[in-house]
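In what follows, a structure is listed as structure tokens, so that the remarks can point back to it.
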Amino acid sequence: CVLCGRTDDCPEKYGEKKTYVEYNLTVHYYCLLMSSGIWQRGEEGEGIDGFLITDIRKEVNRAAKLTCNICKKKGASIGCVAPKCKRGYHFPCGIKRECIFQFMEDFRSYCWEHKPVQTFPHEESGGTSQCTICLDLVEQLPTYTVLKSPCCKNTWCHRECLQYQALSAGIFFFRCTVCNNKDKFQKEMLRMGIYIPEKDASWELEENAYQDLLQCYQHCDIRRCLCKKGRDYHEPDSKWEIKRCQCCGSRGTHLACSSMRSWEQNWECMECRSISAKSGKIIKHRKHSLATSENTDGTTSLLEEPSPKCPRQSPGSRRSFLLQSPKILCQINSSPRLPLQCPTSNRVTMSLSPMMSNRNCSLRKTHLRQQRRDVYNILKELKLQVNTKTTRLNINAEDIWHSALKAFRQRNFSPTNTIEVMFTNCKNRSKTYTSTSKYHFFQLLMLHLQNSPLFEGSSAKNLSLDFQAVKENLYFEAGKMIAVSLVHGGPPPGFFSKTLFNCLVYGPENVKPALEDVADVDVAKPIKMIQYANSLSSLQSTVHDCYEFLAAAGCLRPVTDLCDKDMLVNDILIHHVIKRILSPLESFKEGLKTLGVLEKMQMHPDAFSSVLCHKPERLSAETICDLFTIHSSSDVKEVKGVDFWMGYLQDVESGESLVTLEDILIFVTGSPSIPAVGFDPEPAINFLNRRYPFGNRLINCLELPITTTYEQFKNKMDFTIRNTLRAEKE
């Protein structure tokens, strides 16, 4: 460039660089515009963009005598317009030194000491927010690289982002990204040195940009097209007429290929149908029919028709599991000690509402139990990645989070290594290691995460927006910790909200949040005011009162009808619950990809929701019985011992014992609940000639004594388990 002497060709920074062979000139457009001793004296097509060639050469000669105050080289064609300021510089040097160039009116330039700055109330600065263009974090401070919108209170953008947007949008479409203001916004941006070209938007100038919209899609995409003339054959008013998807319009089907009788029928492609189903737009409620039957006494009672997939459970089925346990490895005769008899009839004649509620609750529990069994098998598959190489983590139980963070970030940590946990006590410098340390560590870690600032909500948690946590990449670490806990035998979190889970599995763009997802009372209050407005005037008044809140959320919209409140509430919820936390969400998802957990979640969403969104169900005698494999011979004493064990489980569940089912599990495995990946090795029971029961936690084996009476068995179990756990606590 003859003015700045640079060879850089960067249109975004210096304007377009053009070479005019006939004049033997190369010049940057911005260098030409901002030079102090030249102005446009010619017509638009005369010289170079209205600058006469003779004037350009005079300006080059003038600048050759001036030294740049920044790079100390000759050719400083631009000077500061502030009174008594004699600083001069090249255009690229001024950009580097953060000078301001105003591309309007007299094309003024200001040096780094006299440049204009943005002023606003002190309470509006000092925090951190997202750039409304690139969505990266920006500091709310009046700096050269960050600019604030003059029309919106909390709208901040990077200067570079604004310049790129201005070059793309042009003078007709360059507006505030939040409130769409044009005049006030452009005036401030020009004052602060943003160049806005006088041209149409780039997307409007692209040749045939909208040509595809003028063509109708004519192709049958059904897997088995029945038309003999091909997928592209289209015959109007016949069964071979092609019907397009009512949602996207980019998929089609012949009427006959989708068994449609007329063109008026709606049709959706598989992609749109799955997205609609995931986002909750299509909710199909299965209605259970009620059958009317005559009782023996002539009265009519309503009975719920049982589902063909879920046969009705008899009232005694919960107790009869003890006689039907599939994991007892010997033939066992029922003992008279256990009066477990199935009812002769499965028909339940009770009042309708209790029957439906009890059965629905039972079905939900059965469904959850089946889903957890599916997760168990999936996590077992993922656990095959774990090798025998050991990584030992030194954990301070009094500062679980920071010690866990340090351990997970250490150089030799690998999620595929076997993890051992050593608890350290900083006060007395003691170290403890037991076979249950790992589970206890993950249990404390999940509890800390549930109550940490990374999540918000009461019981069902969503991600919160913590800028410091984003900077320190803590959301990634949290996701990684949860993934490692699931695969390595720790407890599942169990506190995810359905909205958070759906964002992880289906993508945030396919999720519709609810008011319950808003944990901040100050945010929930205006949303409720809008939602419960009962007239147009009260709605408009509420919108006016919440103007700043709505502007900050980018949800301002004209309200002309009472039904507009639903769209407004939906916009606010999507902004606050989803869009606001997109950056933490992406980081959290990256962490959950550890060991392939996120991929399996997306492949089996129903199964994983049972462990991520629900706390483990309370232990039952049936669960404990199914958990243990009983190694027993045909010896009469051992068969009797199996009966005593089952009877003991029943007594514990019914509260007739001094211990709980959780105590039994801790006694054998060291864990108060069953991990999602199960126990390794699987718990087992052996009957031995010993005085008292013994829980071998290294192999998860319960060694039971052989006694002559049930009372002896029960007393020994209560005594040993209570005293063992009490000693461990002490």
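Using a 1.4 Å probe and ignoring any ligands, DNA or RNA, find the accessible area of GLU113 and quote it in Å² to the nearest 10.
120
Hey, any idea what the orientation-averaged projected area of the convex hull of segment 621-729's Cα atoms comes to, in nm²?
With every direction weighted equally, the projected area is 6.6 nm².
At 1.4 Å probe radius, can you tell me the per residue accessible area of segment 621-729 in Å²?
Here the per-residue accessible area is 44 Å².
Quick one: if you stick a label point 7 Å off each Cα along the C-beta vector at THR708 and LYS84, how many nm between them?
11.5
To the nearest 10 square angstrom, how much accessible area does HIS614 have with a 1.4 angstrom probe?
So the heavy atoms of HIS614 present about 80 Å² to solvent.
For LYS184, list the lysines whose Cα falls under 30 Å from its own Cα; do not include residues on the same chain fewer than 8 positions away.
LYS13, LYS96, LYS115, LYS148, LYS153, LYS199, LYS565, LYS579
Considering only protein heavy atoms, with the full assembly of protein chains and a 1.4 angstrom probe, order PHE608, PHE467 by accessible area, largest first.
The most accessible residue leads, giving PHE467, PHE608.
Keeping all protein chains in the complex and leaving out DNA, RNA and ligands, what accessible area do you get for TYR144 with a 1.4 Å probe, in Å² to the nearest 10?
40
What value in Å³ per residue do you get for the convex hull of the alpha-carbon atoms in segment 135-271?
So the per-residue hull volume is 172 Å³.
Check VAL146: other-chain or 5+ apart residues with amide H under 5 Å from its amide H, H built from backbone geometry?
Excluding prolines and chain starts, which carry no amide H, the hits are ARG159.
Quick one: work out Rg over Rh on the C-alpha atoms of segment 81-145, Rh as Kirkwood radius.
Result for segment 81-145 is an Rg/Rh of 1.05.
Given a Förster distance of 35 angstrom, what is the FRET efficiency for SER259 paired with MET603, based on the Cβ-Cβ distance and rounded to 0.05?
0.70
Using the alpha carbons of segment 17-110, what is the convex hull volume per residue in cubic angstrom, as a whole number?
That works out to 102 Å³ per residue.
Pairs of Cα atoms under 8 Å, at least six residues apart: use those to get the relative contact order of segment 127-204, whole percent.
Once divided by the residue count of segment 127-204, the mean separation gives 27 percent.
How large, in Å, is segment 135-193 by the Kirkwood hydrodynamic radius built from its alpha-carbon pairs?
11.6
Need one number for segment 480-569: average projected area of the convex hull over its C-alpha atoms, nm².
The number I arrive at for segment 480-569 is 7.5 nm².
Note down the nm distance, to one decimal, between modelled labels 7 Å out along Cα→Cβ at ARG557 and at GLU44.
Result for the modelled spin labels: 4.0 nm.
What FRET efficiency do you get for LYS593 and GLU98 if R0 is 30 Å and r is their Cβ-Cβ distance, rounded to the nearest 0.05?
0.15
What does the charge dipole of segment 621-729 about its Cα centre add up to, to the nearest 20 debye, if the Cβ of each Lys and Arg holds +1 and the Cβ of each Asp and Glu holds -1?
520
Over segment 369-508, how many percent of alpha carbon pairs lie in each 5 Å bin up to the one with the longest distance?
All Cα pairs considered, the percentages come to 2, 9, 17, 22, 20, 16, 10, 4, 1, 0.
Leaving ligands, DNA and RNA out of it, report the carbon-plus-sulfur percent of the accessible area of segment 194-251 at a 1.4 Å probe.
45
Can you send over the carbon and sulfur percentage of the accessible area for segment 17-110, probe radius 1.4 Å, protein chains only?
48
Show me the GluC sites (Glu not before Pro) within segment 653-722 that DSSP assigns to loop and that have at most 14 other Cβ atoms within 10 Å of their Cβ.
GLU656
What size of dipole, in debye to the nearest 20, comes out for segment 386-616 about its Cα centre when the only charges are +1 on Lys and Arg C-beta atoms and -1 on Asp and Glu C-beta atoms?
That gives a dipole near 1240 debye.
Taking the Cβ of PHE476 as the centre, find all other residues whose Cβ is under 12 Å away and add up their charges (Lys, Arg: +1; Asp, Glu: -1). List each step's numbers first, then the result.
Values: positive: ARG409, LYS471, LYS480, LYS589, LYS593; negative: GLU472, GLU477, GLU586, GLU590.
Charge balance near PHE476 sits at +1.
Looking at the calculated P(r) for segment 386-616, what percent of the C-alpha pair distances fall above 24 Å?
Values: 13570 of 26565 pairs.
In whole percent, the share of Cα-Cα pairs in segment 386-616 beyond 24 Å is 51.
The values are calculated or read from the model by the stated rules, or taken from the named source; none is laboratory data. Small disclaimer: the values here were computed from a predicted structure and weren't measured. Please note: Cβ atoms are built from the backbone with ideal geometry, for glycine as well, and neighbour counts cover all protein chains shown. Side chains are part of the model used for accessible areas, which takes the heavy atoms of the whole protein and leaves out ligands, DNA and RNA. Shrake-Rupley method; radii C 1.70, N 1.55, O 1.52, S 1.80 Å.
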